[in-house]
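Q: Pasting a structure below so you can have a look.
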Amino acid sequence: MTNLKLVTISGSLRKGSYNRMLLAEAVEAFGPADVTEADIDLPLYNGDVEAASGVPAAVQTLAQQIKDADAVVISAPEYNKGISGVLKNALDWISRVEGAAFKDKPTVVLSAAAGRTGGETAQFMTLSCLTQLQARLMPGTSILIAAAMNAFDDTGKLKDEMSRKLLATRMQALRAEVA
Ligand SMILES: Cc1cc2nc3c(=O)[nH]c(=O)nc-3n(C[C@H](O)[C@H](O)[C@H](O)COP(=O)(O)O)c2cc1C
């Protein structure tokens, strides 16, 4: 039997990103899978560039990875009470690729942020954009990691038992849906 294919997208490019850590926890909770970490370090969307040279190869690759995946998990940081520029830019580019990569794609959105709401506004905005992209948003209790700088131990593990349980429940539900 072939492994399930999971694509993870961190809305933060930072190496030490807490959203990246949260995705690593999500992947572990999902269980055995072929995991592709999306590269969203893309040029800024510019309609003139698109008209002159088409959608960049890196965007085509990303869209294909999403199309090929059984499920996608996104973790959104919050910047000024909104979605990060790199994540929005990636979603905008993906929406320009023929064949609607996110259409009906089982997708879970998480967030980790420094503030007390755990990036709730950014998560909501991400879900809103994904609705436009026709993703199949998986229902469940929101995973919002507040005060992210204190939420992970030195090895990148979530310290809070309740958050770990909620994440495990969401990821196991995702697995059950796509398996
Ligand atoms: C430009 C900028 C704006 C930010 N705005 C918010 C905010 O609105 N809410 C919040 O909780 N944290 C905010 N933060 C702090 C981020 O949550 C924090 O840097 C977090 O670690 C980013 O995610 P990452 O660790 O995955 O890079 C902001 C950080 C930056 C750089």
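The values are calculated or read from the model by the stated rules, or taken from the named source; none is laboratory data. Please read these numbers as outputs of a predicted model, since none were measured by experiment. The area values use the complete protein model at the heavy-atom level, side chains included, leaving out ligands, DNA and RNA. Shrake-Rupley method; radii C 1.70, N 1.55, O 1.52, S 1.80 Å.
Q: For the chain, find the longest principal axis of its Cα atoms and tell me its angle to the long axis of helix 85-94, 0 to 90°, nearest 10.
A: That helix lies at roughly 50 degrees to the long axis.
Q: Given the -39500 (n - 2.57) contribution per DSSP H run of 4+ residues, what per-residue ellipticity at 222 nm results for the chain, rounded to the nearest 500 deg cm²/dmol?
A: That calculation yields -12500 deg cm²/dmol at 222 nm.
Q: Okay, moving on. Quick check on segment 5-178: take the gyration tensor over C-alpha atoms, sort the square-rooted eigenvalues as a ≥ b ≥ c, and tell me if it's rounded (a/c under 1.5), prolate or oblate.
A: The shape class here is prolate.
Q: Apply the Karplus curve 6.51 cos²θ - 1.76 cosθ + 1.60, θ = phi - 60°, to the phi angles in segment 152-158 and return the couplings in whole Hz, x for Gly and Pro.
A: After applying 6.51 cos²θ - 1.76 cosθ + 1.60, I find 10, 7, 4, 9, x, 8, 5 Hz.
Q: Enter the angle in degrees (range 0 to 90, nearest 10) between the Cα long axis of helix 18-30 and the first principal axis of the Cα atoms of the chain, meaning the one along which they spread out most.
A: The angle comes out near 80 degrees.
Q: Per-residue accessible area for Thr2 at 1.4 Å probe radius, Å² rounded to 10?
A: So the heavy atoms of Thr2 present about 120 Å² to solvent.
Q: Rounding to the nearest 10 and keeping the result within 0 to 90°, find how far the Cα-based axis of helix 120-132 lies from the longest principal axis of the chain.
A: The answer is roughly 40 degrees.
Q: Take a quick pass over the chain and tell me how many lysine pairs come in under 26 angstrom between Cα atoms, counting only ones 8 or more apart or on separate chains.
A: 22
Q: Using the Karplus equation 6.51 cos²θ - 1.76 cosθ + 1.60 (θ = phi - 60°), what ³J(HN,Hα) coupling, rounded to whole Hz, does each residue of segment 40-55 give in order, writing x for Gly and Pro?
A: Ordered by residue, 3J(HN,Hα) equals 10, 7, 10, x, 5, 4, 8, x, 5, 4, 4, 5, 7, 10, x, 6 Hz.
Q: Given Cα pairs under 8 Å that are at least 6 residues apart, what percent is the relative contact order of the chain?
A: 25
Q: Which whole-Hz ³J(HN,Hα) couplings does segment 61-78 yield from phi under the Karplus relation 6.51 cos²θ - 1.76 cosθ + 1.60, θ = phi - 60°, glycine and proline marked x?
A: So the Karplus estimates, Gly and Pro as x, are 4, 4, 4, 5, 4, 5, 4, 6, 6, 7, 7, 10, 10, 10, 10, 10, x, 10 Hz.
Q: Sticking with this structure for a sec: Taking all protein chains as present, what is the carbon and sulfur share of the accessible area of the chain, in % to the nearest whole number, probe 1.4 Å? Show your work: numbers first, answer last.
A: On the way: 4760 of 9210 Å².
Looking at the chain in its full context, I get 52 percent from C and S.
Q: What are the residues whose amide H is under 5 Å from the amide H of Val35, where those residues sit 5 or more places off or on another chain and H is modelled from the backbone?
A: Leu6
Q: If I ignore ligands, DNA and RNA and count only protein heavy atoms, how much of Thr121 is accessible to a 1.4 Å probe, in Å² to the nearest 10?
A: For Thr121, solvent-accessible area is about 50 Å².
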